[in-house]
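**Student:** The structure follows.
The values are calculated or read from the model by the stated rules, or taken from the named source; none is laboratory data. Worth saying up front: this structure is predicted, and the values here are computed from it rather than measured. Here Cβ is always computed from backbone atoms with ideal geometry, including for glycine, and neighbour counts include all displayed protein chains. Ligands, DNA and RNA are excluded from the accessible area calculation, which covers all protein heavy atoms including side chains. Shrake-Rupley method; radii C 1.70, N 1.55, O 1.52, S 1.80 Å.
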Amino acid sequence: MLKKASLFLLFVLLIGFTAQAQYIKWQEDKSTSFLRLHLKTHTIERYKPTTGWVKLDTIKAVNVDYGDILPAAEGIHEFQINQSSTYYLTIHCTGQVYQLDKSTWSLKRLDQTFFRGANCKSSVFMRGDDIYSFGGYGFWKSTNLITKYDFVAKEWLSIAADGDVPASIFDGMAGYSPKKDRFYLLSTVDMNDTEKKTAFNRDYGIYEYDFFNQKFTRLGEIKLEIVLNFLDSKETKPFVFNGRYFIISDKPNKEFAYDTMFFIDLEDNFKVYQWKNPHRIYLNAQRGDDTEAYMHVSGDSLVWSNNLVKASMDEPGHTVVSIKTLLNEAEYIGTLDEGSWVEDFSILLMVLGAGLVVGLVFEIFRRVRRNKLKKSIRFMLGANERLFLDFLILNYEQGFVNGHQIIAFFGKHKSSPESQRQFRAKLIENFTKMLGLIFVDQEILDIQLDEQDQRMFTYRLQPEAYKKLKGL
């Protein structure tokens, strides 16, 4: 309930910002500077860490109704067009697309959409010449919609996806990796205020979207405890992304002075590194109206304002740190899907338990089958045949038994030769016939000529029959 209230408060603050501050503000593409367009005066200003806000010009509007632009300090995205002086601007919550020419400071609206309000806080990025928008929140529910801007139709088109499509793309860490040409989503919240039981349901999955196959794949689940604590304990989850690393600041952290930062490497098996701030730099990574003052990415560096390093009261202080430098000072703490030892031990116990259950079931099945076979043999074989079976099993390791041994075993040695022959023949015939009904299509006896007496045979159980009968 607290998380829902916090999210509601966030949108109330956005509305409050809209009512008071009549401008839009955004970071310039591939730059440390920010731009601010005042919607009442139509003036454009630039912010640099060394100069602060400086007025540049007055915007020349083409097909622009400033009343349609939703004031915002976040959610405005700028994308450079073919290394030229022109840029695309996408506006938070509205789906509006503009073209900004910085050589003449002219602004032109490109889209003809009337759609707005359902994709707030979406992940917007440019892939090649295409602009995509993934997910968002609006009308009291989160979405997992994937849309691409169509420059011909001047509208946003939805894209159907296959695979492990997440229920929502919102309130997690999301970004596009140009090198891997994949969209990544680390954790997301599925919100729907109508459904009380699932009004705030976090999915800790790690998702990858393949643009070529238009398919989502769930690569795993976030289990690293220190990242889980960040996702669970922080009502707002500021992060920055440079195309390879998700960088989050744990603020505040009770164990380390001056906070810490975590780096999640998408290109190296989602390895996580913790930077414990050996220089005791003041980390300003929150979000609000003054977005230019908070931590942001510029190429391979992190940049943010820092009042503690100001040379004078009139000069804005700022910090620039190379990501490579921070990583060299960081400690590797595990992969994102690496659980705690308690979880690993629990999994081990589950595996051992499952193995014991399987072994127990197998043993029960084996015993039931053996008992069933034993009952069948007792039922099918007569008394002499059962004795003969015991005799063959007992002498199996010693080799073949001859007719004289069989006659002696049954105490028929004092009877006439003809009576002995008939007894032996009947015994062998009944024995093989009855066991043949139990072991279908399988030889029971290995019968060979007696080397010492060619008029007689020697007998031994076939190896496969012996294996099945010896334990009965």
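**Student:** Search the range 115-152 for residues being without any contact (Cβ under 8 Å) to a residue 12 or more places away in the chain and part of a loop (DSSP other than H, G, I, E, B), and hand back the single one that is surrounded by the fewest Cβ atoms within 10 Å (Cβ to Cβ).
**Tutor:** Looking at residues that are without any contact (Cβ under 8 Å) to a residue 12 or more places away in the chain and part of a loop (DSSP other than H, G, I, E, B), I get Val152.
**Student:** Only one of these conditions is not met by Arg182: (1) touching a residue at least 24 places away in the same chain (Cβ under 8 Å); (2) farther than 27 Å from Leu219 by Cβ. Which number is it?
**Tutor:** Tallying (1) touching a residue at least 24 places away in the same chain (Cβ under 8 Å); (2) farther than 27 Å from Leu219 by Cβ, Arg182 fails exactly one: (2).
**Student:** Looking at the range 266-290 only, could you name the residues that are modelled with pLDDT of 80 or more and not basic (Lys, Arg)?
**Tutor:** Start the filter on the range 266-290 by keeping residues that are modelled with pLDDT of 80 or more, which leaves 266-279.
If the condition is that a residue be modelled with pLDDT of 80 or more and not basic (Lys, Arg), then Leu266, Glu267, Asp268, Asn269, Phe270, Val272, Tyr273, Gln274, Trp275, Asn277, Pro278, His279 are the ones that fit.
**Student:** Further question: Looking for something polar (S, T, N, Q), open to solvent by 90 Å² or more (accessible area, probe 1.4 Å) and either more than 60 Å from the chain's Cα centre (by Cα) or under 13 Å from Glu385 (Cα atoms) (or both) - is there at least one such residue anywhere in the range 435-450?
**Tutor:** No, that holds for no residue.
**Student:** Please name all residue pairs, on different chains or six or more residues apart, with Cβ atoms under 7 Å, provided the first residue is in the range 154-169 and is under 18 Å from Leu186 (Cβ atoms) and the second residue is acidic (Asp, Glu) and in a strand (DSSP E or B).
**Tutor:** Cβ pairs passing all conditions: Pro166/Asp203; Ala167/Asp190; Ala167/Asp203; Ser168/Asp190.
**Student:** Got a sec? Which of Phe431, Phe391, Phe365 is assigned to a helix (DSSP H, G or I) and surrounded by 17 or more Cβ atoms within 10 Å (Cβ to Cβ)?
**Tutor:** After applying the criteria, what remains is Phe431.
**Student:** Then there's this: Go through the range 92-149 and report how many residues are among the polar types (S, T, N, Q) and over 24 Å from the mean Cα position of the chain (by Cα). Break it down stepwise before answering.
**Tutor:** Kept after step one, since they are among the polar types (S, T, N, Q), are these residues of the range 92-149: 94, 96, 99, 103-104, 106, 112-113, 119, 122-123, 133, 142-144, 147.
Narrowing the set further to residues that are over 24 Å from the mean Cα position of the chain (by Cα) leaves 94, 96, 99, 103-104, 106, 112-113.
Total satisfying the criteria: 8.
**Student:** I would also like to ask the following. Taking the condition in contact (Cβ under 8 Å) with a residue 60 or more places away in the chain, in a helix (DSSP H, G or I) and open to solvent by less than 90 Å² (accessible area, probe 1.4 Å), does Ser419 pass?
**Tutor:** So Ser419 fails the test.
**Student:** Here's something else I'd like to know. When Trp53 is evaluated against the numbered criteria (1) modelled with pLDDT of 85 or more; (2) crowded, with 16+ Cβ neighbours inside 10 Å, which criterion, by number, is the only one it fails?
**Tutor:** Among (1) modelled with pLDDT of 85 or more; (2) crowded, with 16+ Cβ neighbours inside 10 Å, Trp53 violates only (2).
**Student:** Report, by residue number, each residue of the range 175-211 that is modelled with pLDDT of 95 or more, open to solvent by 10 Å² or more (accessible area, probe 1.4 Å) and assigned to a strand (DSSP E or B).
**Tutor:** Tyr176, Arg182, Tyr207, Glu208, Asp210
**Student:** In addition: If you check Asp453 against the conditions, is it assigned to a loop (DSSP other than H, G, I, E, B) and open to solvent by less than 40 Å² (accessible area, probe 1.4 Å)?
**Tutor:** Details: assigned to a loop (DSSP other than H, G, I, E, B): yes; open to solvent by less than 40 Å² (accessible area, probe 1.4 Å): yes.
Answer is yes for this residue.
**Student:** For a quick check of your reading of the model, give me the residue pairs whose first member lies in the range 82-96 and is over 18 Å from Asn119 (Cα atoms), whose second is in a loop (DSSP other than H, G, I, E, B), with beta-carbon atoms closer than 6 Å and at least 6 apart or on different chains.
**Tutor:** From residues that are over 18 Å from Asn119 (Cα atoms), the pairs are Ser85/Lys102; Ser85/Ser103.
**Student:** Here is a follow-up. Condition (residue is at pLDDT 95 or above, surrounded by fewer than 17 Cβ atoms within 10 Å (Cβ to Cβ) and either in contact with a Gly (Cβ under 8 Å, 6 or more places away or on another chain) or among the charged types (D, E, K, R) (or both)) applied to the range 59-80: is it met by at least one residue?
**Tutor:** Checking the range 59-80: at least one residue is at pLDDT 95 or above, surrounded by fewer than 17 Cβ atoms within 10 Å (Cβ to Cβ) and either in contact with a Gly (Cβ under 8 Å, 6 or more places away or on another chain) or among the charged types (D, E, K, R) (or both).
**Student:** In addition: Under the condition of being surrounded by fewer than 18 Cβ atoms within 10 Å (Cβ to Cβ) and in a loop (DSSP other than H, G, I, E, B), which residue from the range 212-237 is modelled with the lowest pLDDT?
**Tutor:** Lys234
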